[in-house]
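Only one structure is covered here, and it is reproduced in the block below.
The values are calculated or read from the model by the stated rules, or taken from the named source; none is laboratory data. In this text the structure is predicted, and so the values were computed from the model without any measurement. Cβ coordinates were reconstructed from backbone atoms using ideal geometry, including for glycine residues, and neighbour counts include every protein chain displayed. Each accessible area value is taken on the protein alone, full model and side chains, heavy atoms only, with ligands, DNA and RNA left out. Shrake-Rupley method; radii C 1.70, N 1.55, O 1.52, S 1.80 Å.
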Amino acid sequence: MLIEMLEYRLTPDGPLSQDYDYLAQAVSLGARYRRQRKAWAPHVDQCRRFVLDALDHVPAGGRALVAGSGRLIEIPLAALAERFGEVILLDMAQPMITRRLARRYSNVRLATGDATGVLAALSAALNTRGPPPDPSHATPPFAGERFDFVLSANLASQLPLLPDEALERRRPDVSDAVRRAFGRALIERHFKWIREIGATAAIYSDIESRWTDAKGREVERDDTTWGAELPPPHRVWEWLIAPAPEAEKLYDQRHKVAGWVFPPGG
């Protein structure tokens, strides 16, 4: 609890982040990771190996962007800093651990901002009771720039979650169908953006959530990509994200995680 209190007090939190409680999400993620470090270890290893394998398509030097850098739990930051002339870590909240790790490398810098490019317009719509903006027309950050390598780090499926919570809480007049279409468009626009700005683009994200009982029997399964039309993944693995009783007293929560790599011209 003391760690969480310090993070809340010492982490910068801008108005847009406050609108959607991104700092709370970052702090909560850190607390869960500390509780479930052992259970998460195979997933973290898979993520890091996926990133390192993706670098096979990328020449040394140049610039790299990590979208959804978070707490850097799954990111081989040392390898990225060694390989590229500049590494930018983009997220809505930059926790203490991320700022501390980034300071170790002179070529790593933080960029705090909205990877969707749509949250400011959504906040305006929430305040004026206008319709949710169309994510497909949004301009995410670094538009018009080009990176040698862009990584979307377990971000795609998360993009709709806090905006959808805000819509549900503050705009109950917005239908479930409109909210779902908004979430789907956020994910599809994200995939397009990553490939637009990255000569080589790599994306990993959970695509499915399963709940299993103590005998491993599935009791529920959910699509976590909001029905988005996505290309076939190049790699898939399982993540035991919440062993019982972390999220549910009797059930484990397991995510299917998918990875995509789009090399130059791919």
For E168, all conditions in the list (1) open to solvent by 60 Å² or more (accessible area, probe 1.4 Å); (2) charged (D, E, K, R); (3) not in a helix (DSSP H, G or I) hold save one; what is the number of the exception?
-> (3)
Every residue from the stretch 199-241 that is hydroxyl-bearing (S, T, Y), under 22 Å from D176 (Cα atoms) and either in contact with a Pro (Cβ under 6 Å, 6 or more places away or on another chain) or in a loop (DSSP other than H, G, I, E, B) (or both) = T224, T225
When the stretch 209-243 is examined, which residues are found to be surrounded by fewer than 18 Cβ atoms within 10 Å (Cβ to Cβ), closer than 22 Å to F262 by Cα and touching an Asp or Glu at 6+ places or on another chain (Cβ under 6 Å)?
-> none
Residue among A177, A181 that is assigned to a helix (DSSP H, G or I), of a type in the set (G, A, S), without any contact (Cβ under 8 Å) to a residue 40 or more places away in the chain and loosely packed, with under 15 Cβ neighbours inside 10 Å | A177
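So if I check each of P131, P95, P135, which one is over 30 Å from K38 (Cα atoms) and touching a Ser or Thr at 6+ places or on another chain (Cβ under 9 Å)? Reasoning before the result, please.
On the way: P131 fails: touching a Ser or Thr at 6+ places or on another chain (Cβ under 9 Å); P95 fails: over 30 Å from K38 (Cα atoms).
Just one listed residue meets the conditions, P135.
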Does A214 meet the test of being over 27 Å from L89 (Cβ atoms) and without any contact (Cβ under 8 Å) to a residue 60 or more places away in the chain?
-> yes
Counting only strands (runs of 3 or more DSSP E) entirely within the stretch 53-154, those with at least 2 residues that are more than 28 Å from A181 (Cβ to Cβ) and in contact (Cβ under 8 Å) with a residue 60 or more places away in the chain are 63-67, 147-153
